[in-house]
Every structure is written in C-alpha cells, then in structure tokens.
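Shown next, in structure tokens, is the structure this report addresses.
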Amino acid sequence: MNRLGLEVLRKAITRALEAGRASSGSDLFVTDGEGYAVKIICEDSGWQEEFWNSLSLPYTDEPAKDARPNCDTPWDIWLRREIT
C-alpha cells in the first residue's frame, strides 16, 4: 500500500477508535483500478466467548467456508453496530 492508502487507513482506524466503527470510503484501489473500502469495527469488550465464537470464519474457498448456521458475518455486525 502506498503512503496515501496508509493515511486513508490510519484516518479510518482513528475514527473507529473514537466511534466504534469506520470506513475508509472508496479511496483505495487494487492494481486494475477497482476501488474498495475497508470497514473497521472496534470490538473492545474483552473476550466474550459467545461473541467471538459466533463470528464466521474468514475463508472464501468453497470447501473451507463456514457452514455453521447462525454465524455472524462482519457485515452483519457492521449493520448492527451503532455509530456514537
């Protein structure tokens, strides 16, 4: 990531620390020019086994995808998280 991308990410991290969640916006790009946003959720409540064990695994390859029912995806948590 270049300096500008790191600065965008740093600003998003700072906002997440202040508000509980933040997005980088669409200021980041892969080499083919497609833009994307990084979404950051600050989960600072310590180890809560029920919460952490309910998170879906990050694997996207079909044989490794999380098949457990009722898993929370990061997007589910993002939508439920209120911005303070």
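The values are calculated or read from the model by the stated rules, or taken from the named source; none is laboratory data. Here the structure is a predicted model, which means the values were calculated and not measured. So basically every Cβ, Gly included, is an ideal-geometry build from the backbone, and we count neighbours across all protein chains shown.
List of remarks:
- Among residues that are of a type in the set (Gly, Ala, Ser) and free of Cβ contacts under 8 Å to residues at least 24 places away in the same chain, residue 20 is not included.
- Any helices (runs of 4 or more DSSP H) falling wholly within the stretch 1-82 and containing at least 1 residues that are modelled with pLDDT of 90 or more and either exposed (fewer than 10 other Cβ atoms within 10 Å of the Cβ) or in contact with a strand residue (DSSP E or B) (Cβ under 7 Å, 6 or more places away or on another chain) (or both): 3-19
- Considering the stretch 13-72, and only residues there that are polar (S, T, N, Q) and closer than 28 Å to residue 3 by Cβ, the residue that is nearest to the chain's Cα centre (by Cα) turns out to be 23.
- Scope the stretch 44-84; condition more than 22 Å from residue 22 (Cβ to Cβ) and polar (S, T, N, Q); matching residues: 53, 54, 60, 70
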